[in-house]
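The values are calculated or read from the model by the stated rules, or taken from the named source; none is laboratory data. The structure displayed is predicted, hence computed values, not measured ones. With ideal geometry, Cβ positions are generated from the backbone for all residues, glycine too; neighbour counts draw on all protein chains shown.
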Amino acid sequence: MEQDGERLRKGGAVTIAVSGDAADYVDGFRKRYDPHVRRIVPHITLAFAADLDVSDWMLARHQIDESLVHLPPFTVHVARPGIFVDGFVLWLQPTTPHGELLTLRQIILESFPDVAFDRAVDYVPHISVGFFGNREELLEAEGSVSRELVPFSFRVAYVSYLQADEGDIWQCLDTLELGGLSTGITCSGT
C-alpha cells in the first residue's frame with residue numbers, strides 16, 4: 001500500500017480511475033471547468049464517507065477482494081454529459097453493459113455496514129468535469145460539452161481506495177483488481 005509523506009485527513013473514497021487516453025480527454029474538459037483539477041485524477045466515485053479511513057479499508061480489504069474475484073474487468077462507455085443543478089456540477093455519464101458500476105458500489109457498501117456513505121440512496125455514477133457558481137454558467141458549459149463530446153470508452157480492471165492529504169490532494173493508497181487478475185496494477189497504474 002502506497003502513502004504520501006503528508007498526513008491524511010479523515011474521509012475516504014473508493015473509486016474507479018478513468019484510464020489511458022480517456023483520462024487525458026476528460027482532463028481536457030476538467031482543465032476548462034474544474035478549478036481543482038490538480039487535486040484528484042479523473043474518476044468515478046463508487047462510495048465516499050467522511051469517517052472512512054485507511055484502517056477501515058484494511059479491515060474490509062480481504063472481503064472486498066474476495067467479492068471482486070467474481071466480477072471480471074469491463075468497459076465503461078461515455079457518450080453524453082449530465083448536470084447536478086443543486087450543486088452546479090457538470091459531469092459525464094458513464095454506462096456499462098450489465099450494471100457493473102452499481103454492482104461494484106453495492107459490494108463496497110455491503111463491506112462497510114457501519115459506515116454512513118454519502119448519497120446512499122440517490123447515487124448517480126458520474127465523472128465530474130466542472131463546478132460552477134450559478135445555473136447559467138453551468139448550462140452554458142453543458143451546451144459546449146454536448147457539442148464537443150466525442151463518445152469514448154475505457155477499461156476498468158481495478159478499484160482504488162483514496163484519501164486526501166492536508167493539502168486536499170487525493171492520494172491513492174491501495175488498489176484491488178477485478179476478476180482475480182494479478183496484473184501488478186498499483187496506485188500509480190503500473
Residues that are in contact with a strand residue (DSSP E or B) (Cβ under 6 Å, 6 or more places away or on another chain), among the β-branched types (Val, Ile, Thr) and in a helix (DSSP H, G or I), drawn from region 102-149
ILE108, VAL145
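Here is a yes/no grid of residues against (1) buried (at least 19 other Cβ atoms within 10 Å of the Cβ); (2) hydrophobic (A, V, I, L, M, F, W, C); (3) within 18 Å of LEU162 (Cβ to Cβ):
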{"position": "TYR25", "(1), (2), (3)": "no, no, no"}
{"position": "PRO35", "(1), (2), (3)": "no, no, no"}
{"position": "VAL41", "(1), (2), (3)": "yes, yes, yes"}
{"position": "ASP51", "(1), (2), (3)": "no, no, yes"}
{"position": "ARG61", "(1), (2), (3)": "no, no, yes"}
{"position": "PRO72", "(1), (2), (3)": "no, no, no"}
{"position": "THR96", "(1), (2), (3)": "no, no, no"}
Could you tell me whether any residue of region 10-23 is of a type in the set (Gly, Ala, Ser) and on the phi > 0 side of the Ramachandran plot?
yes
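Yes/no matrix, rows are residues, columns are (1) within 16 Å of the chain's Cα centre (by Cα); (2) more than 22 Å from THR175 (Cα to Cα); (3) assigned to a strand (DSSP E or B):
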{"position": "ILE16", "(1), (2), (3)": "yes, no, yes"}
{"position": "ALA22", "(1), (2), (3)": "yes, no, no"}
{"position": "GLY28", "(1), (2), (3)": "no, yes, no"}
{"position": "GLU66", "(1), (2), (3)": "no, no, no"}
{"position": "LEU71", "(1), (2), (3)": "no, no, no"}
{"position": "THR75", "(1), (2), (3)": "yes, no, yes"}
{"position": "TRP91", "(1), (2), (3)": "yes, yes, yes"}
{"position": "HIS98", "(1), (2), (3)": "no, yes, no"}
First in region 1-18 and modelled with pLDDT of 80 or more, second anywhere and basic (Lys, Arg), Cβ under 9 Å, 6 or more apart
VAL14/ARG105
